[in-house]
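To start, the structure under review is shown below, and the notes come after it.
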Amino acid sequence: MGYYDEDPRNPQRQKGNKSRGFLMGLTGVLLGALLVIFATDFGLFSDMELNPNKDAAGDTEQNVTNETVNVDVNTAITEAVEKAQGSVVEVENIQRSSMFSQENQAGVGSGVIYKKEGGKAFVVTNAHVVANATQLEIALVDGTKLEAELLGFDQIMDLAVLQVDGSKVEEVAEFGSSSNLKPGEPAIAIGNPLGNFPGTVTQGIVSAADRTIPVDPNGDGQPDWQAEVIQTDAAINPGNSGGALINIKGQVIGINSMKIAQQAVEGIGFAIPSDIAQPIIEDLENHGKVMRPYMGVEIVPLAQVSNYHRQQTLKIPNDVSQGVVVMGVESTSPSAEAGLKEFDVIVELDGEKINSPAELRKHLYTNKEIGDEMEITYYREGEKKTTTMTLGESKGSGE
């Protein structure tokens, strides 16, 4: 049972008590508020009581601790790039205008410093990068420009070698082997895309290690060579030509050469494999040209000849549909000494079928050496014949 001061049965008393209680409560609230204001204004409460997060010195203590986190961004890829990037240079092709005798930059590509010896440095690039130049310059990774001398170029393999003063050259590329590349392994392209972004690095993979594609260096619409190339999806843009394709060890495995530039195509670029490029580079450096075996003939594909001339001029059997037609024989050449004549149709070399000029060059340049003997099977006036020639030394770009 509870205890009450008032009689709950008396309504008047209840009313008076309620009013008085309300007034007393309101008075207490107002006094409490005034005391808090007074105490705050005159410092009656300590800072610690009002703000427990403040220390004695008055500084606010933060609960969040700031820490410096070190992130290691070095990877196998960054290490590979660091190893090779300094050996990749810009190559500037400067040409003189015949009308005003002014020199203008006709194009910019890339190159790779592959050797430093005897106070000179040697750079490999693409033949199309240096074509028709009246002056050549390279720019090192630090922007230093050096005048370059063209030692030699080879249109078939699209390679050229330059020589520069080596006193300011500090980094030389390391070449690796391209013979054991596997599809899917990392491939990194370094070059100067668009001529404005030196030292650009793009990453991809080896899409195919032993792709073969037709090339037409003389622009006559007929493939002159079946180039063996590395296919990669690393971005290769105009200006990357002549730059380095490197592996995860920072070794040069290819010289970037071309890409398929079609609207519907993305990520198909090609590089000349290092194992194929190195003997070409050596010949260009030492001889100014590639030392290839030489026949001394001018040829066209039989596929270009009309049925009328096959029957009336060449007089070959109807079942002979592939081969190359001899359109000219150089005097005193190996072909002349072997008895080849105009309009002979070559169908085999050393027993291997020859269907096009590109296949003839491939057999000649990859299977034979200067001074080797080669057996030739051909048709003349409808009769199948064979002859043997001793291959000579190439005098230029002819067969």
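The values are calculated or read from the model by the stated rules, or taken from the named source; none is laboratory data. Just so it is clear, the structure is predicted and the values come from calculations on it, not from any experiment. Note that each Cβ is placed from the backbone with ideal geometry, even for glycine, and that neighbours are counted across all protein chains shown. These area figures cover heavy atoms from the full protein model, side chains too; ligands, DNA and RNA do not enter into them. Shrake-Rupley method; radii C 1.70, N 1.55, O 1.52, S 1.80 Å.
Go through segment 350-391 and count every residue that is closer than 26 Å to Q311 by Cβ, loosely packed, with under 14 Cβ neighbours inside 10 Å and free of Cβ contacts under 8 Å to residues at least 60 places away in the same chain.
4
Output the number of residues of segment 131-180 satisfying the condition of being within 18 Å of the chain's Cα centre (by Cα) and without any contact (Cβ under 8 Å) to a residue 40 or more places away in the chain.
0
Confirm whether K115 is open to solvent by 70 Å² or more (accessible area, probe 1.4 Å) and within 18 Å of I276 (Cβ to Cβ).
Details: open to solvent by 70 Å² or more (accessible area, probe 1.4 Å): no; within 18 Å of I276 (Cβ to Cβ): yes.
It is false that K115 is open to solvent by 70 Å² or more (accessible area, probe 1.4 Å) and within 18 Å of I276 (Cβ to Cβ).
With respect to F175, is the statement that it is in contact with a helix residue (DSSP H, G or I) (Cβ under 9 Å, 6 or more places away or on another chain) and of a type outside the set (D, E) true?
Yes: the conditions hold for F175.
Note down all Cβ pairs under 8 Å where the first residue falls in segment 211-223 and is of a type in the set (A, V, I, L, M), the second is in a strand (DSSP E or B), and they're at least six residues apart or on different chains.
I213/Q226; I213/A227; I213/V229; I213/F270; V215/W225; V215/Q226; V215/A227
Going through V108, V88 one at a time, which residue ends up being at pLDDT 95 or above, closer than 20 Å to N196 by Cα and hydrophobic (A, V, I, L, M, F, W, C)? Please lay out each step first, then the result.
On the way: V108 fails: at pLDDT 95 or above.
Testing whether each residue is at pLDDT 95 or above, closer than 20 Å to N196 by Cα and hydrophobic (A, V, I, L, M, F, W, C) leaves just V88.
Can you name every residue in segment 200-221 that is touching a helix residue (DSSP H, G or I) at 6+ places or on another chain (Cβ under 7 Å) and surrounded by fewer than 18 Cβ atoms within 10 Å (Cβ to Cβ)?
Matches in segment 200-221: Q203, P214.
Return yes when S394 is open to solvent by less than 60 Å² (accessible area, probe 1.4 Å) and of a type in the set (G, A, S) and no when it is not. Outline the logic, then answer.
Working: open to solvent by less than 60 Å² (accessible area, probe 1.4 Å): yes; of a type in the set (G, A, S): yes.
Spelling it out, S394 is indeed open to solvent by less than 60 Å² (accessible area, probe 1.4 Å) and of a type in the set (G, A, S).
Please state which one of I213, I188 is outside any loop (DSSP other than H, G, I, E, B), out of contact with any Lys or Arg (no Cβ under 7 Å at 6 or more places or on another chain) and farther than 30 Å from L360 by Cβ.
Selected residue: I188, the only one of I213, I188 that is outside any loop (DSSP other than H, G, I, E, B), out of contact with any Lys or Arg (no Cβ under 7 Å at 6 or more places or on another chain) and farther than 30 Å from L360 by Cβ.
Quick one: in segment 299-332, of everything that is of a type in the set (G, A, S) and touching a residue at least 24 places away in the same chain (Cβ under 8 Å), which residue is least open to solvent (accessible area, probe 1.4 Å)? I'd like the intermediate steps shown before the answer.
The initial filter retains those residues of segment 299-332 that are of a type in the set (G, A, S), namely 303, 306, 321, 323, 328, 331.
Okay, now just the ones that are also touching a residue at least 24 places away in the same chain (Cβ under 8 Å), so 303, 323, 328.
On the way: A303: 71, G323: 0, G328: 19 Å².
Taking the candidates together, the pick is G323.
Among the residues that make up segment 277-288, is at least one of them open to solvent by less than 40 Å² (accessible area, probe 1.4 Å), in contact with a Ser or Thr (Cβ under 7 Å, 6 or more places away or on another chain) and either at pLDDT 90 or above or not in a loop (DSSP other than H, G, I, E, B) (or both)?
Looking through segment 277-288, none of the residues is open to solvent by less than 40 Å² (accessible area, probe 1.4 Å), in contact with a Ser or Thr (Cβ under 7 Å, 6 or more places away or on another chain) and either at pLDDT 90 or above or not in a loop (DSSP other than H, G, I, E, B) (or both).
Give the number of residues within segment 139-175 that are of a type outside the set (A, V, I, L, M), assigned to a strand (DSSP E or B) and farther than 27 Å from I213 by Cα. Show your work before the answer.
First, the residues of segment 139-175 that are of a type outside the set (A, V, I, L, M): 142-145, 147, 149, 152-155, 158, 163, 165-168, 170-171, 174-175.
Retained after the next criterion (residues that are assigned to a strand (DSSP E or B)): 145, 147, 149, 152-154, 163, 165, 175.
Next, only the ones that are farther than 27 Å from I213 by Cα stay: 145, 147, 149, 163, 165.
Within segment 139-175, residues that are of a type outside the set (A, V, I, L, M), assigned to a strand (DSSP E or B) and farther than 27 Å from I213 by Cα number 5.
Would you be able to tell me the number of residues in segment 122-165 that are on the phi > 0 side of the Ramachandran plot and polar (S, T, N, Q)?
Final tally of qualifying residues: 1.
Name the residue that is farthest from V89 (Cα to Cα), counting only residues in segment 140-158 that are at pLDDT 95 or above and of a type in the set (A, V, I, L, M).
My answer is L151.
Taking the condition closer than 16 Å to E185 by Cβ, at pLDDT below 95 and open to solvent by less than 50 Å² (accessible area, probe 1.4 Å), does G269 pass?
The answer is yes for G269.
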